[in-house]
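Structure first, commentary second.
The values are calculated or read from the model by the stated rules, or taken from the named source; none is laboratory data. Remember, it's a predicted structure, so these values are computed and weren't measured experimentally. Cβ placement follows ideal geometry from the backbone for every residue including glycine, while neighbour counts extend to all protein chains displayed.
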Amino acid sequence: MENISDVKNSELIRFGNYFRGLLNDLKRRPEDAAKELDMPLEDIMDIIEGRKEISLDIIKRAKKIWPVSTRDFFLIEDDCPNGIKIMRAEDSAKSSRVMERGGSPYYEYRDTAVSSIGLFRPEWIEELCEVEDNDPNNNAVQWNKGHFLHQFTYFIGDVNYYYIGPDGKKRVAVMNTGDSVYGTPFRAHSFTTRKGASKNGLILALTYGNQLAGDTQQELSIMGKELGKPYWLDFSTRKKSFGALLNFHRICASLSFDEFSKRTGVDKNELIQFEKGLEIPSYEMSIILAKALNVNSRDLLPPDVIEDKVIVKYYKDAQHWYFPESTRAYHIVELSHSTTLPFSKAFEFTIEKSNDNELDLQVCLHQYIYNVSDDYIELNWKTKNTMKHDVLKPGDSAYIKPNIPHNFRGKGKLMILRIAGRIAGDPQRELSYLNEHDVNRAISETTMWFDPKTKH
């Protein structure tokens, strides 16, 4: 186990590099910061070099002087220094709490593996309410009002899933083990056990944030409804979504239709038709429009498909394959997903017996793992050039950091959800525009932006 003092020192160094970068952004030398914060230069250097913590008093002073917030001085804690964090089934059971709905026990909740690094909010939920039929209007069904986070649900046993369809009417999906559902934020829904089940149904309800969570949500809240609502664009159809994107970027560039037409050579009336969502230009023309707006053509592309707010995937309809081809160590079943969240991937992995030691899995996404089988599964991984080993018992769950080489061995079945963190998508593209040396500085700033004593 990693020494506590080593972890603390590592966090101090990480904050020191971050603080150095913050001073660079603010165009402050250490001596400038020392003067403005009324503290010895030695103390500033101790913070930068990772020898000393920054105090709340210094943070308060900095907020009054610099354009920063309190959040800028609190880093995400690394609660997973070994790359993988496991929660045992018995520890999960200790977190049990029964929720009543309509005056009767409705759900039993239990915590499962979670990390402050990933944006998962996973829960094990037993359906304590049993219904006589599959009527979505059954009075025994207690609906919630939806929640901000996206939700992926994996079903174990005989469970009814209730939701609101695109026609605004209540619906029910009769689910069995292996079936799954993806739901967008704020979808009212509910779950019950069906009559005749041998035992209460279970679900793994994995809520998670995406690009809207965290700082983005904070920025929206500062804007308020009046100033925040204009960020919402009408994506109800492909034509409307293209028109909305085109209008957004044209307005941001302060271009009139006359000037836009002049730059593109496209008739003004045709441009108006595009923005009204009455037609979509060819890909070639979209490149011309993007160039005139100084954006990439991808920034104007509408979604390929307009999906339902709730996507039900039955196990029998799912695609499946083996991976890797050379060993066929895993039989993979693709579970419910949404194309609007390209970095969210849900799978069921059946582990086939394999004797090789190859770490055949490594992905740039955060992973949530749950052992849904009655078998023990070996988990092997490498972190900081050290091989590690553990066993996932039935009902155990785990969180795996991005880019950790690992494998699963033995016999058994896992439910796996992979999601983006804060780096995927546009932040990844922004990082990729840097050269290799600059990437290292972006990850951990070790250089002041200039040294007046050094000739370059």
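Here are some residues: K27, K52, K94. Which one is loosely packed, with under 14 Cβ neighbours inside 10 Å and in contact (Cβ under 8 Å) with a residue 24 or more places away in the chain?
Only one candidate passes the filter, namely K27.
Could you grab me the full set of residues in the stretch 10-25 that are closer than 15 Å to D451 by Cα and not charged (D, E, K, R)?
G21, L23, N24
Go through the stretch 168-228 and tell me which strands (runs of 3 or more DSSP E), entirely inside it, have 2 or more residues that are modelled with pLDDT of 95 or more, in the same structural domain as F152 (by TED's automatic domain parsing) and within 30 Å of G425 (Cα to Cα).
Where strands (runs of 3 or more DSSP E) fall fully within the stretch 168-228 and carry at least 2 residues being modelled with pLDDT of 95 or more, in the same structural domain as F152 (by TED's automatic domain parsing) and within 30 Å of G425 (Cα to Cα), they are 180-183, 202-208.
Report whether or not I306 is of a type in the set (A, V, I, L, M, F, W, C), free of Cβ contacts under 8 Å to residues at least 60 places away in the same chain and surrounded by 14 or more Cβ atoms within 10 Å (Cβ to Cβ).
No.
Tally time: how many residues in the stretch 400-421 are outside any strand (DSSP E or B), modelled with pLDDT under 95 and among the aliphatic types (A, V, I, L, M)?
Residues that pass the stated criteria total 1.
Suppose we keep only residues that are among the basic types (K, R) and either in contact with an Asp or Glu (Cβ under 6 Å, 6 or more places away or on another chain) or in a helix (DSSP H, G or I) (or both) within the stretch 256-307. Which one would you say is nearest to S241 (Cα to Cα)?
Per the stated criteria, the residue is R298.
Kindly indicate whether N82 is at pLDDT below 95 and in contact with a strand residue (DSSP E or B) (Cβ under 8 Å, 6 or more places away or on another chain).
Answer is yes for this residue.
Looking only at strands (runs of 3 or more DSSP E) that lie completely in the stretch 313-385, which have at least 1 residues being of a type in the set (A, V, I, L, M) and over 23 Å from the mean Cα position of the chain (by Cα)?
Those strands (runs of 3 or more DSSP E) span 345-351, 377-383.
Would the stretch 286-303 turn up any residue that is touching a strand residue (DSSP E or B) at 6+ places or on another chain (Cβ under 7 Å), in contact (Cβ under 8 Å) with a residue 40 or more places away in the chain and not charged (D, E, K, R)?
no
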